[in-house]
Structures are given as structure tokens and as C-alpha cells.
Amino acid sequence: MDKSAKKTSGHDEQQAVENENLKVDDKAQAAEQQKEEEKETIDYKDKYLRALADYQNLVKRVEKERQDFVHYANEQLISKLLVVLDDLTRAHETTKDHGIELIYKNFVHLLKDEGIEIIRIKPDDTFDPAHMECIDAEEGGTRLVELRPGYRLKGKLLRPTRVKVIK
């Protein structure tokens, strides 16, 4: 074999080794790039899931705040209407006017539909400061006399019952 053929053959072998090394380097780079892309994909997915959860929480919070606002607005109005109910109740109890009775029943029905419930006190009940307000108490008294009814709005105390404790 001639020297130039050996040179070419050696050069071809060297070129083949370099090409092989480049292929290995390209594969390593491609594998590294794929790992980076997978990490990036996982990172984007995590950010997406967090953003979605934040959005869902925001929607829930806004809806709850809206419901609380409506509930609070109703609570203030109904509290003011209880004074009117007290006057209407006294008028209903002292007169036997059919018109007043009809207005009273409709008004009470309307308040019940809105979630108002009256707090009933029996003479043998014990005093409970959670929903009663004592206006007067006789020493040694254990019985309760209701002076003004109390009300709850959907389970929440709206106005305590005023009571007097007697013997």
C-alpha cells in the first residue's frame, strides 16, 4: 500500500472517530436539552395548576363575599323592621281590627320567609345570656317573664329576648 493511501486511511479513521465523538456529543446535548425541556414543562404545569387553584379560590371568595354582603344588608334592614313588628304586635294584641290582624300575619309570614325565627321563652326556662338580656331581676328569682321577644336570622342572634327574672 502506498503512503498516501495510508495517510488517507488514517485520516478517514480519525474523521470517523471525530464523527462518532460528535454524534455522542450531539446525543448528550440532545438528552440534556430534553431534560431541560421536561423540567420546564413540569415547571409550567406546576405554575398552571397553582394559577388555576388561585383562580378557583378567588371565585369562591368573591361569591362568599357577595353572599355575606347580601346577608348583611338584609340583616340591617330586618333589624330596623323588628321595631315596626313590635309596634304592630302591640296593635294586634290590643285591638281586634281585622285589617291590623291581616297586616300582622302577612308581615310575620314575610319575615319567616326571610329566615327570621322568634326566640320563645317559657317561664320554667333558665336565664341564658347567649340569647337573653335581663332588664330586671328580683332577688332569689328563678322564673322568667318575657318583656320583648328576641329574634334569630338564619340561626344568628339578631336581637336578644328581654326578660325579667321573678320569684
The pairs in LYS64/LYS154; LYS96/LYS167; LYS27/LYS47; LYS60/LYS112; LYS80/LYS122 lying past 23 Å Cα-Cα in this model are LYS96/LYS167; LYS27/LYS47; LYS60/LYS112; LYS80/LYS122
Only helices counted: for the chain, with every DSSP H run of 4 or more residues adding -39500 (n - 2.57) and the sum spread over all residues, [θ] at 222 nm is -24500 deg cm²/dmol
Going residue by residue through region 71-85, the Karplus relation 6.51 cos²θ - 1.76 cosθ + 1.60 with θ = phi - 60° gives ³J(HN,Hα) values, rounded to whole Hz and with x marking Gly or Pro, of 4, 5, 4, 5, 4, 5, 5, 5, 4, 5, 6, 5, 5, 5, 4
In region 119-167 the DSSP beta bridges are antiparallel at a rate, in percent to nearest 5, of 65
Quick calc: nm separation of the 7 Å Cα→Cβ label points for GLN76 and GLU138 -> 4.3
Taking every alpha carbon pair in the chain and sorting the distances into 5 angstrom bins from 0 up to the bin holding the longest one, the percent per bin comes out as 2, 7, 9, 9, 8, 8, 6, 5, 4, 3, 3, 3, 3, 3, 3, 3, 3, 3, 3, 2, 2, 2, 2, 2, 1, 1, 0, 0
Restricting to aspartates and glutamates and to Cα separations under 19 Å from LYS105, and discarding same-chain partners fewer than 8 apart, the set is ASP86, ASP87, GLU93, ASP97, ASP113, GLU114, GLU117
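On alpha-carbon atoms, Rg over Rh for region 33-104 using Kirkwood Rh?
Ratio value, two decimals: 1.64.
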Filtering trypsin sites (Lys or Arg not before Pro) in region 102-149 by DSSP loop and by at most 13 other Cβ atoms within 10 Å leaves ARG120
quick note, the chain, DSSP beta bridge pairs, % antiparallel (nearest 5) is 70
Any GluC sites (Glu not before Pro) in region 76-167 that lie in a DSSP loop and have at most 15 other Cβ atoms within 10 Å would be GLU114, GLU138, GLU139
Taking N as the residue count of region 119-167, its alpha carbon Rg divided by 2.2 N^0.38 Å gives 1.09
A student applying the Cα gyration tensor rule (rounded when a/c is under 1.5; otherwise prolate if a/b is larger than b/c, oblate if not) would label region 76-162 oblate
Karplus ³J(HN,Hα) for region 143-151 (6.51 cos²θ - 1.76 cosθ + 1.60, θ = phi - 60°; Hz, whole; x = Gly/Pro) runs 8, 10, 10, 7, 9, 8, x, x, 9
Sequence order, region 88-103: Karplus ³J(HN,Hα) from phi using 6.51 cos²θ - 1.76 cosθ + 1.60, θ = phi - 60°, Hz rounded, Gly and Pro as x, gives 5, 5, 4, 5, 5, 6, 8, 10, 10, 6, 5, x, 5, 4, 5, 4
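Just so you know, all these numbers are worked out from the coordinates, no wet-lab data involved. In this text, all values refer to a predicted model and were calculated from it rather than measured experimentally. Glycine gets a Cβ as well: all are built from the backbone with ideal geometry, and neighbour counts include every protein chain shown.
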